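The values are calculated or read from the model by the stated rules, or taken from the named source; none is laboratory data. A quick note: this is a predicted structure, and the numbers were derived from the prediction, not measured. Methodologically, a virtual Cβ is constructed for each residue, glycine included, from the backbone with ideal geometry; neighbour enumeration extends over all protein chains shown. Surface accessibility is based on the protein's heavy atoms, side chains included, excluding ligands, DNA and RNA. Shrake-Rupley method; radii C 1.70, N 1.55, O 1.52, S 1.80 Å.
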Amino acid sequence: MTNLNLKILFVALLSGIALVLGGCQSLNNKTDDSLYQQLGEREGIANVVEDLLYLIVDDDRINQQFKGMDVAQFHHNLTDQLCELSGGPCTYTGREMRELHSDMAITNTQFNALAENLILAMEQNDIPTGAQNRLIKQLLPLYPDIRNL
């Protein structure tokens, strides 16, 4: 075989391996649980939200923003919102983010503190890191409405 034929064979083998590995990856993605399932469905999401509420109360960076709120309503709405964003069968019926946060003057520090607490709550509930990242990715488009940019 010539060098050119060996190079062609080598490229063909590498391409074949890449296709096989890519096919395995696609197969894994198809059998991978949905984000909603990875979060523990509605019950798991509700547990995360409950733990988040405890973290908020203990966090002096943000707890003042939540004074006087209806805790049960907040829990219900946030659970529905995260459930819907994660692909679950829930429907968020609360107010729009821009309207809800319009008078709060939320700082970047406060926004980041809430995100940090959400991650801690997910860790406390053994949510896989990949699922945490996927949920955060779903929440990022809400940032301009929450910060009223």
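With respect to Asn47, determine if the residue is open to solvent by 20 Å² or more (accessible area, probe 1.4 Å), closer than 19 Å to Ser34 by Cβ and either assigned to a loop (DSSP other than H, G, I, E, B) or not acidic (Asp, Glu) (or both). Before you say what the answer is, go through the steps one by one.
Values: open to solvent by 20 Å² or more (accessible area, probe 1.4 Å): yes; closer than 19 Å to Ser34 by Cβ: yes; either assigned to a loop (DSSP other than H, G, I, E, B) or not acidic (Asp, Glu) (or both): yes.
Here the answer is yes, as Asn47 does meet what is asked.
Just a yes or no: is a residue in the stretch 106-120 outside any helix (DSSP H, G or I) and modelled with pLDDT under 95?
Our first condition is that a residue be outside any helix (DSSP H, G or I); within the stretch 106-120, this holds for 106-107.
Remaining after also requiring modelled with pLDDT under 95: 106-107.
Yes, because at least one residue in the stretch 106-120 is outside any helix (DSSP H, G or I) and modelled with pLDDT under 95.
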